[in-house]
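Chemist: This is the structure I want to talk about, given as structure tokens.
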């Protein structure tokens, strides 16, 4: 292990970071995405300090193979864009760069400063950027070229002790972004990390801040959870911490009131993790509700009206989660199929409306608007006619 020092104005050296070698951090280099390695090496070849950062480093140290790799550098977005042709600058408040390699997208960000406080969106140094990270185990910087981990906040020590420790001051971390409460519980449950008592108390106290979070962000977080290998464990921890009601209100109420529902609901989530498949993760969220509420013996086989009534009830049940209509449709059909009820493939609304003039059932107050996927856009009544541009230029002489 090496130590990174900084020289003060009086010439005195002070310790800034611990630098762990390959034999100490034991990251398996074969688990590091080769395109991420290429991006960091290309940035360094152009004179810019760059690292893999965040959850990917945490997972690599824990012996897991990450799905996503985020990269941080001292280069500004404009300079990153000039280095990589296969990239695009995104964001308004704080600009990032997405670098594309086929279907893979790598997020490359610039070091942020503390000049205007912990929510500042100005560029800075690596020493400032590390103080902007949420938890210590997410604030480790990995250099794939030298295969070293740079640790400014004793994140390696917290990983070894299995402790979840915030970097941002406790009175600001969740007010700055309430979704961090969900992530804290998720990290602790998935990695068997211990949440300090005071931090757990603050999470319970500030849980109502999640009411202000958009449905799209909550949908994104819940989708990550149900598609993880620890879905049941994470959901149970969220419920025990008083957070699951902000993600799935009605399900949370049933978990509290109905022990049998709680047992079967968590078992469904665990089974979907053990046997991944298209539509199974989302189906796990709704299966036990449908088994509890749906009179299967009374449904007419192949009845489109019965199916549509169930679909809308499910849509209400999972609110504020708002998945794409086709994804939810696939999951509901999967459950119907388990009861031996098969329905022909057809559009959920448009074909009925074209043939009979029937409109969709009215949207009740507080229920989600149905979101169309790109595949659905441009069909039926949603088709937009493109106006033909008239040629206003004079015709050439004959």
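Chemist: Every residue in region 297-325 that is surrounded by 15 or more Cβ atoms within 10 Å (Cβ to Cβ) and over 21 Å from residue 252 (Cα atoms), please.
Modeler: Across region 297-325, the qualifying residues are 299, 306, 307, 308, 324, 325.
Chemist: Got a sec? Which of 182, 173, 203 is in a helix (DSSP H, G or I) and within 30 Å of residue 19 (Cβ to Cβ)?
Modeler: Residue meeting the stated conditions: 173.
Chemist: Can you tell me which of 254, 292 is under 28 Å from residue 208 (Cα atoms), in a helix (DSSP H, G or I) and in contact (Cβ under 8 Å) with a residue 12 or more places away in the chain?
Modeler: None of the others qualify; the one that does is 254.
Each row is one residue, and each column tells you yes or no for (1) part of a loop (DSSP other than H, G, I, E, B); (2) within 26 Å of residue 186 (Cα to Cα); (3) at pLDDT below 95.
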{"position": "15", "(1), (2), (3)": "no, no, yes"}
{"position": "39", "(1), (2), (3)": "no, no, no"}
{"position": "52", "(1), (2), (3)": "no, yes, no"}
{"position": "85", "(1), (2), (3)": "yes, no, yes"}
{"position": "108", "(1), (2), (3)": "no, yes, no"}
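Chemist: Any residue in region 305-323 that is closer than 18 Å to residue 228 by Cα and either touching a helix residue (DSSP H, G or I) at 6+ places or on another chain (Cβ under 8 Å) or part of a loop (DSSP other than H, G, I, E, B) (or both)?
Modeler: Within region 305-323, one or more residues are closer than 18 Å to residue 228 by Cα and either touching a helix residue (DSSP H, G or I) at 6+ places or on another chain (Cβ under 8 Å) or part of a loop (DSSP other than H, G, I, E, B) (or both).
Chemist: Which number in (1) over 30 Å from residue 114 (Cα atoms); (2) in a helix (DSSP H, G or I); (3) within 22 Å of the chain's Cα centre (by Cα); (4) in contact (Cβ under 8 Å) with a residue 24 or more places away in the chain marks the one condition that residue 210 misses?
Modeler: (1)
Chemist: Let me ask something else. Looking at region 1-13, which of the residues that are part of a loop (DSSP other than H, G, I, E, B) and out of contact with any helix residue (DSSP H, G or I) (no Cβ under 6 Å at 6 or more places or on another chain) is modelled with the lowest pLDDT?
Modeler: Here the answer is 9.
Chemist: While we're on this one: Restricting to region 265-289, name every residue that is over 16 Å from residue 318 (Cβ atoms) and modelled with pLDDT under 90.
Modeler: Across region 265-289, the qualifying residues are 271, 273, 274, 275, 276, 277, 278.
Chemist: Now for a separate question. State whether the residues of region 49-61 include one that is loosely packed, with under 15 Cβ neighbours inside 10 Å and either farther than 22 Å from residue 152 by Cα or in contact with a helix residue (DSSP H, G or I) (Cβ under 7 Å, 6 or more places away or on another chain) (or both).
Modeler: No.
Chemist: For residue 228, are the conditions met, namely being buried (at least 17 other Cβ atoms within 10 Å of the Cβ) and not in a helix (DSSP H, G or I)?
Modeler: Judged against the criteria, residue 228 is a match.
Chemist: Find all pairs meeting these conditions: Cβ atoms under 7 angstrom apart; at least six residues apart or on different chains; first residue within region 141-167 and at positive phi and surrounded by fewer than 20 Cβ atoms within 10 Å (Cβ to Cβ); second residue modelled with pLDDT of 95 or more and in a strand (DSSP E or B).
Modeler: 162/194
The values are calculated or read from the model by the stated rules, or taken from the named source; none is laboratory data. Note that the coordinates shown come from a computational prediction; the quantities given were computed from them, not determined experimentally. Ideal geometry is used to build each Cβ from the backbone, glycine not excepted, and the neighbour counts take in all protein chains shown.
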